[in-house]
Structure formats: C-alpha cells, structure tokens
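What follows draws every value from the coordinates through simple rules; no lab data is involved. Predicted, not measured: the structure shown is a model, and the values here were computed from it. Here Cβ is always computed from backbone atoms with ideal geometry, including for glycine, and neighbour counts include all displayed protein chains.
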Amino acid sequence: MNQNASSSVENQENHSIGYGVYILVWLSLVVFTGLTVAVAGVDLKALAVTVALSIAATKSILVLMYFMHLKYEPPLFRTLVVVVVVALATFIILTFLDILFR
Amino acid sequence: MNKPVSLTAEAHHSDETGAKLGMWLFLFTELLLFGGMFLLYSIYRSEHAHEFFLAATELDTFIGTVNTLALLTSSLTVAISIEALRRGSRKITIAMLIITIILGIVFMINKYFEWSAKIHHGIYPGGAKLLSMSDGEMLFFNLYYVMTGLHGIHVLVGLGVLSFMLYFVSKRPGKKINLDYETLSQIRGANLEVVDEKGQKIDDIGLIDNDVEDVDIKFKYAQVPSKMDKSNIIKLENSGLYWHLVDIIWIFLFPLFYLVS
Amino acid sequence: MASHSFAEPAHHEESYLDYKGKYGGIRSWLLTTDHKRIAILYMISILTAFLVAVSIGFLMRLEQLTMGETIVSPKTYNTFFTLHGIIMVFMFIIPGIPAIFGNFLLPLQIGAKDVYFPRINLLSWYCWVGGAIFLIIALFSGQGAPDTGWTFYAPYSTRTGTNVTLTLLAAFILGFSSILTGLNFITTIHRMRAPGMGWFRMPLFVWGLYATAWIQVLATPIVGITLLMVLAERVFGVGIFDPTLGGDPILFQHMFWIYSHPAVYIMILPGMGVISDIIPTFSRRTIFGYKAIAYSSMAIAIAGSLVWGHHMFVSGQSYLTSVAFSAITFLVAIPSAIKVFNWTATMYKGSIDPQPPLFYALTFIFLFMIGGFSGIMNGVLSVNVHLHDTYFVVSHFHYVMFGGTGFALFAAMHYWFPKMFGRMYNKKLANIALAIEFVGFNLLYFTMMIMGYEGMPRRYYDHLPQFHTDHVIATVGSWVLISGLLLMLANLFWSIFKGQKVGSNPWGGTTLEWQVPSPPPHENFEEIPYVDGGPYDFKNAETTA
C-alpha cells in the first residue's frame, strides 16, 4: 500500500551516528567561535566582513551536515539547500547592483 | 465474515523522507524570512560602515559569545537526544532534551538583560538616545532589535516545541488503536476475538453489541529500538531541525552585530 | 502470532460530497481533511472575494464615468483601488487556481488518495479565512480601509492613519496560506506519485503547480518580512525604510518586488498548466513538446525571480540596475513563447472538439499574448519613462492577470466542472457568456491601453477632458464584462444543482482524474493505478460518456 514512487533507496536511517561524531563537531564549532572572536580584535579593514562571514558559513555547514543530518539524507536535500542559498545570494547581489552604482 | 482487514495507518506516516522534506521546506521559508533582513543589513552596512562600527561598541561581546556557546551546545544536546531516542535510550533522550531547554532559557535570560540595559539607556526604537544618533547608528540598532527580536520569538517557539516533545517522549512507548463508531457499525453483533495466523482462536475479547460505543486497544512496549514510536522520532527530528535553524541564524547574527568592532 | 479480524469495510462508492465521515453537518466540511472538500471551501470563499473585488472595480469605473466627483470622494477612491488590488491579488489570483483546482486535481492526477499533509491543507484554508477576517476588520474600524495602493510603498504606508497595520497582518496571514499550499504540493508531488509515474509522465498541470509551489515557498517569506517591518515601523517606530531615520524607501520597493514580481508567476504558471491540459484533450492529440513545456515552467519560475527591478525603472535606482533588469525581462518572454508555440502546434492537424473549455483556453492565449507584448513594451527603458504609472500599465496587467489567469481559471471551471460535480452546465450559455466577456474585456482594457499611451495616469481620481470619451467607453465595457461574468457564474452555479448528470469522462480526457467517477469518491481510487505511459496518450484512449 506504499504509494512511494521515489526512485531513491529508502534511507533506513539506521546509520547510527555515534555520539562521538556530534561531540567532535561541537568542539569544532567552539573552536571556530573562539577564532571569530579573536579575529574580530584584529584590524583587517575590508577583509574583516569576509573572514567573519566565512567562519559563520563554515560553522553553519557543520551544523547543517552533521547536526541536521544533511550528509546522510538523499542528495535532493543538499541540492535544495544550495538552491535556497543561491536564490538569497542572487537577491542580495542584484540589489547591490542598485546601491553601489547610484 | 471474518476476513482479516489491514488496519495500517496511512502509508505515508511511515514515510520519514516525506515528513522531513516538508520540514525542510518550512525551514527554507524561515531562511528566506531572515534572509530578507540580512539583505537589508548588508545594504545599510555597506552605506554606513563607520557608524555601524561605532554603534556596535555598545553591544557586549562577552554576553554575545556566551549566548553563541549556549545555542551551539543546545544544538549538540538536542542532536544527542534524537540519536538516543533512535537507540531506545529514553533516559538520555529526556535528560538531553531538558538540558537543551535550559540552555535555551539561559539564552533568553541573557537577551532580557541585554535589552533591558539598552532600553534603560534610551537606546530603543523611538527612544531619546536612539533618536539623537546618526542615521547609520539608528539603522544599526533598529536592525538589531528587529532581527534579534524576531530571532528571540523563534527561540521561544522552539522552546515551546521542545517542551511538547519532552512531554511526548516522557510517555511510555505504546500504541493505541481506536475502533471508532463507523468501524464498529460494520461489525455490530460480531464477537471480537484474538486469533493466531492460522485463524485459530486464542482469546475472546467481547461481543460488540449495541451498547458498545467505543473500543480502545492499548499496546505498551518495552524500551527497545524496534519499538520506539516512529512518529515520535520523526517529530523529534523535525523539532531538532527547527532548533538547529535557530542556532544557524544566531551563528550569523553574532558576528554581524557583536563582532563588527 | 495473533491478529485481529474484522468484516470488510463497506465500499465507499458514494461521492466525496455525500461521504459520511467522523463528523456530521457543517462540521464535516469545516473540519474536513479531504482535499476535494477543501477545494470546494476555497472555491466558495475565493469566488466570494472575487465578486467583492469586481464590485469595487465596478464602482471605480462608475466614478470615472464623469469628470469631477461622481459617486465618491478622492479619499474613498484611493481606498477603492487599494482594496480592489489587495483582494484581487492576495485573495483571488494568487490562491485561485492552485487552491481550488490544484487541491482538487493534484492527488487525482498523480494517482494519490490525498495530499501529503491533509491537515496542513485545512490549516491553509483557515489562514485564508483569517486573513479575510483581518481585512474586513480593517475596513470597518478606525480610520477605515488603507489608501496606499496594494503596493504599500514607504514612507506613505508607514505614516498614513488608515488601517494599514491590520491590512499588513491580513496580508501576512494570507501569505502563510500560500506558503503552506506550496509546501504541501511539493511534498505531495515528490512522494506520492503512483507507481510508474516518473517526472515526465505527470500531466503538465502538475508541472505548473510544481513550479508555482517553489515560488510560493521561496518568495513569499520575503514579502512577509517586508510587511512585518513596515508593521514594526508603524507600531514600534522602528526606522527601516523611513528616510528621517536613515532608511531608504527604495529598499522597500526592492524587497516588495522581489516577492511581488515572482508572485505574478505564481498567478500565471498554474493557468498555463490548465491550458496545457485542455488543449490536448480537445485536439485529441498528445501535447507537442512535453519536455519543453515542463522545462519552460521551471525556467519561468527562475528567470521570473530575477526581473523585479522592472517595476522600479523610474524610482531612482541606478541606471546599471535598470539596464540589467530590462535585459533579463526580455528573456522571460522566451519560455512563455515556447508554450504558446507548442499549444498551437498541438492543435495543428488535431481533431478539434469545439467545447467551452477549449474556447476559454483559446481566449486565454489571445488575451495573454496581448498582455505579454504590452509587458515587453513596458520593459523597454526609454518607453517605460512615458508609460510608468499610466493606464498602459493597468491595461497590461489586467490583460495578463485577468485575461490570462482569470480566463484560465474560467477555463478550468468549465473543464473540471463535470468532474467536481458530476453534472454538465449549459454549453451554449457558457459560450455566449464568453463572447460577452470577451467584448466587454477588450472594450474596457484595450481602451485603457490607448489612454495610457496618451498619458492618462493611474490611481488618479479624476481625468482631463481629452480622456473623457475613452473613460466612458471603458466604463461601458466594464458593464458588458460584468454581465458576461454574472451570466457565466449563474450558468455554473445553477448547473451544480440542476445540470445534466454525466459520467466519469465526458470530454474524453486521458489524465487520471477522468478514470474515476464524477464526482469522485472519498478516497479517489479503489486501487492505486499503475501508470505505464505518458499523460496525453490518445491513441489508446476511449471516450466514455
């Protein structure tokens, strides 16, 4: 009676992620947090935003891939997240086209 | 008359991927909701870089860092909680959920003190101090209140959801089957029995006569992984996804407001 | 191992309209999770809103019948065009086809018993109702209905004393209705297609709904947050768009149109999907270029999200931006054109069955093309300087939204009416109504195109003598159009109860919905079908009356 026509193999979710993996990810997140706070004290001028956002992005990717299981989900999910991020980036970039060139 | 009829729940209730897809789609709407505000932030910051720098010195980096660590840790605990539920370790699940909620409350308490301090100094929308600032500084704080405010509302909602999950998970795993009026009306006069796979009667439950209004059958399970209520696992996973999103939004809010200077 | 056994449940051959579930009476409708009943609930509420908005339009045209004051004051006229826009856009056109026909047909067309989240489906209807209630309160309390235009431009929207706050809340809640519908449809299409129905065996109406659903999910939150911030400005004094507080009003326009332009594709894509289903049925030929049409739906969704700045050419945005948006705007025409070519090619050498749905579909193509061409004209920068905020723009969007989506909705009504109610309407009346609507529509809106070209501004309460004749013609046109609308709706409404009964496939369609009884039973299919071919296979089809 299963109406599932999806062609992907049903991910049984029996890939038990060890608690250890989670703790490792958490430790990385804490380290990155420390890094971003430390870097904020350094005067990087224009580069400051880029560095801060890059670290934030890295932390987010860790949370997405491991805590939110994206790494273990069907590829569709990762694709969709990329689509959303690209959509948002596009809106921001096109708007900047106005602001920067007025 | 006694042909076995399957009482399957809707087939798609066991379709984890579908339920998860629905949740991710909802998360996308949240990403874009906050994304719109990040758009505004990035535009205004590019136009008022120096004032943003000035305004940000008013914010306490230490509390911001503590809050960041609190949320990051709460993400860890909720992730462990979900894994524990999959493994059937209900005690760990509950303990981790409680810690998650406590960390969330800590976050909100910090936020309360932060906001109170600002408001006390007149730095709030319409406040005297704020109106005396330069355009860029005003924009910084207006954005600060709107973005951390909306984020705070989401934290509260998340805490509510997690509390509900705590309640659901605390109940002993089991299943209840209800034979409602419609089903019973089809079998009135029948005798409810338990039969084995060969059709041999094992036990008598009772006669469904006209005075029977409702029949509930309850299963109570031992705490083993195979009997963990799947729908609870799906619900907890989706709640966790929501909580992680709240964490990710803060991961971006933190450097953009607290680390500008 | 023990098992429990029961007698076989009775066959649910009764239609979804008669089905007796857990609740009786009105509760069986207000608490339903049956997608078909939810579709009917939407139909009643959306058509009611439509008629209210039409009435406001009627009054607007009446005001323009004479120069100077005719029936209302300027302030009231402002609230008229604001409400007409808000109700039409947020309560009629955006939900219209997806909420009514998407809800009814999607599970049927993919061979499913319902949508993936039936209770969220019901919630989405209640969000619609909630938004409507807030709007009604906004009309009759405080300083009355908003007068900002449906576009709520800052800083006027943050300062005017009318009930903008309540209206923004209404729009926000209506947005939720849209998001939940989109979310539901995406999950349903991904997870509930019948065995054998790969992506390229779905009906093109489903492709239209799918592309639409993505825009609903991704674009609506942006306007959600924008409206929320205008709310915050009004209620808490948070200065985001207010120039006196350092804000930039043009940023409001950016954020507003980042949603509101894709919103028009939310409006048109389902309509195009309807046409893609109707044309093959009444040409008795498979669609020409299935994949091209499917891909073009996605292309319109993507490209259409990148052109919002063409609403802002004269706003003060940078010249570079205007050039970029103008260029991309021209590109969006291409996938739409692909559809029109393919529909035409489908009919070529087909066995044409002259039925009302086909006539409505052809009318769609004609009116939509005029709308589309006038859109391209608006997209030319130098021309836009003269046409912006004139009746030319008003004409353009009425051609695409009304002539396009509106008539596609009428086409859908006439195509799927027998399936939904098990009866047929009076076809002659349907055709006559269409003819009257067509004449009235063009009298009204083509005249506007000329007026706008000659300089008549929009949202103006009064007009100069040189435009007077045109205004009279347009107003008379509105009367003709409304007569046609009323005749059409009366025909359909009467036929719900008194129309001649029909069987499962009165049109000879090949998509799955025509294989179940009319009206369908509660669970749609007795057995989930196995699909082993494309959706428009007429070689092996049979017509059953």
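All distinct Cα pairs of region C:324-435 go into the 1/r average, and the inverse of that average, the Kirkwood radius, is 15.8 Å. Computed about its Cα centre, the charge dipole of region C:406-545 is approximately 480 debye, with only Lys, Arg, Asp and Glu carrying charge at their Cβ. Dipole orientation for chain C: of the candidates C:Gly175, C:Gly237, C:Pro356, C:Pro356 has the Cα lying most toward the positive pole (charges on Cβ; Lys, Arg +1; Asp, Glu -1). Each principal axis of the Cα atoms in region A:18-68 has its own extent, and those three values, largest first, are 41, 16, 7 angstrom. Partners of C:Lys113 within straight-line reach, counting aspartates and glutamates whose Cα lies under 12 Å from its Cα and excluding those fewer than 8 residues away in the same chain: B:Glu10, C:Asp34, C:Glu513, C:Glu523, C:Glu526, C:Glu527.
Divide the volume of the convex hull around the Cα atoms of region C:150-189 by the residue count and you get 64 Å³ per residue.
In angstrom, the C-alpha Rg and Dmax of chain B are 26.4, 86. Net charge around C:Pro74, counting only other residues with Cβ within less than 10 Å of its Cβ (Lys, Arg = +1; Asp, Glu = -1)? Value of the local net charge: -3. Size descriptors for region B:31-81 (Cα atoms only): Rg and Dmax, in that order, 15.2, 44 Å.
Diagonalising the gyration tensor over the Cα atoms of the protein assembly as shown and scaling each eigenvalue by 5 before taking the square root yields semi-axes of 43, 43, 24 Å, largest first. Using Cβ point charges alone (K and R +1, D and E -1), the dipole size of the protein assembly as shown about the Cα centre works out to roughly 620 debye. About the centre of its Cα atoms, region B:177-218 shows a dipole size close to 180 debye [charges on the beta carbon of Lys, Arg (+1) and Asp, Glu (-1) only; nearest 20 debye]. Taking a straight line from the alpha carbon of C:Lys498, these aspartates and glutamates sit under 17 Å away, with near neighbours fewer than eight places off in the same chain left out: C:Asp18. Ordered by the count of other Cβ atoms within 10 Å of each Cβ, fewest first, B:Asp196, A:Asp98 give B:Asp196, A:Asp98. When both region C:446-478 and region B:114-146 are represented by their alpha-carbon centers, they are found 48 Å apart.
Diagonalising the gyration tensor over the Cα atoms of region B:177-218 and scaling each eigenvalue by 5 before taking the square root yields semi-axes of 19, 11, 9 Å, largest first. Relative to the compact-globule scaling 2.2 N^0.38 Å, provide the ratio for the alpha-carbon radius of gyration of chain A. Cα-based Rg divided by the globular estimate yields 1.48. When chain C is described by a simple charge dipole with +1 on each Lys and Arg Cβ and -1 on each Asp and Glu Cβ, the residue from C:Met192, C:Leu218, C:Gln515 located farthest towards its positive end is C:Gln515.
When the convex hull of its Cα atoms is viewed from all sides, chain C shows a mean projected area of 27.6 nm². Peptide packing: for B:107-115, C:104-112, the average count of neighbouring Cβ atoms within 10 Å per residue gives the ranking C:104-112, B:107-115, highest mean first.
Sort out for me the Cα centre separation of region C:231-283 from region A:36-102, rounded to whole Å. Using only Cα atoms, the two centres lie 25 Å from each other. Count Lys and Arg as plus one, Asp and Glu as minus one, and take only other residues whose Cβ is under 10 Å from that of B:Glu51; the net charge is then -2.
Listed by Cβ neighbour count within 10 Å, with the fewest neighbours leading, B:Glu213, C:Glu14, B:Glu51, C:Glu513 appear as B:Glu213, C:Glu14, B:Glu51, C:Glu513. Across region B:155-245, Cα-Cα distances exceeding 22 Å account for 52% of all pairs.
Among the listed pairs C:Lys20/C:Lys427; B:Lys91/B:Lys235; A:Lys71/B:Lys235; C:Lys291/C:Lys419; B:Lys218/C:Lys20; C:Lys20/C:Lys428, a Cα-Cα separation exceeding 29 Å is found for C:Lys20/C:Lys427; C:Lys20/C:Lys428.
Roughly what angle does helix C:427-453 make with the longest principal axis of chain C, taking Cα atoms, 0 to 90 degrees, to the nearest 10? Its long axis makes an angle of about 20 degrees. Please give every one of the lysines within straight-line cross-link reach of B:Lys129, meaning a C-alpha to C-alpha distance under 29 Å, and leave out same-chain neighbours fewer than 8 residues apart. Here the lysines satisfying the reach criterion relative to B:Lys129 are A:Lys45, B:Lys111, B:Lys118. For region B:93-174, the fraction of C-alpha pairs more than 21 angstrom apart is 45%. Other residues whose C-beta falls under 13 angstrom from the C-beta of C:Ala412 contribute a net charge of -1, scoring Lys and Arg +1 and Asp and Glu -1.
In terms of its Cα atoms, region C:258-319 spans 52, 17, 15 Å along the principal axes, sorted from long to short. Legend: mean number of C-beta atoms from other chains within 10 angstrom of residue C-beta atoms, peptide A:34-44, equals 3. Just checking the listed ones, B:Leu32, B:Leu103, B:Leu130: in the Gaussian network model of chain B with Cα springs under 10 Å, the one fluctuating most is B:Leu32.
Per residue of peptide B:37-48, the mean number of Cβ atoms on other chains within 10 Å of the residue Cβ is 6. Per-residue Cβ neighbour counts within 10 Å put C:His468, B:His120, C:His254 in the sequence B:His120, C:His468, C:His254, beginning with the fewest. Against chain B, whose longest principal axis comes from its Cα atoms, helix B:16-47 is set at around 10 degrees.
Backbone amide hydrogens, once placed in the peptide plane, bring C:Tyr116 within less than 5 Å of C:Thr188, excluding anything fewer than 5 places away on its chain. Note: relative contact order over region B:177-218, using C-alpha pairs below 8 Å and six or more positions apart, is 49 percent. Projecting the Cα positions of B:Ile105, B:Ala56, B:Ile123 onto the charge dipole of region B:44-142 (unit charges on Cβ atoms of Lys, Arg, Asp and Glu, taken about the Cα centre) puts B:Ile105 furthest along the positive direction.
Can you give the relative contact order of chain C as a percent, counting alpha carbon pairs under 8 Å and 6+ residues apart? Normalised by residue count, the contact order of chain C is 17 percent.
Among the residues of B:122-133, the average count of other protein chain beta-carbon atoms within 10 Å of the residue beta-carbon is 2.
Relative contact order for chain B: 29 percent, from Cα pairs under 8 Å spaced at least 6 residues apart, divided by residue count. Taking label points 7 Å from Cα along the Cα-to-Cβ direction, B:Ser185 and C:Thr76 give a separation of 5.3 nm.
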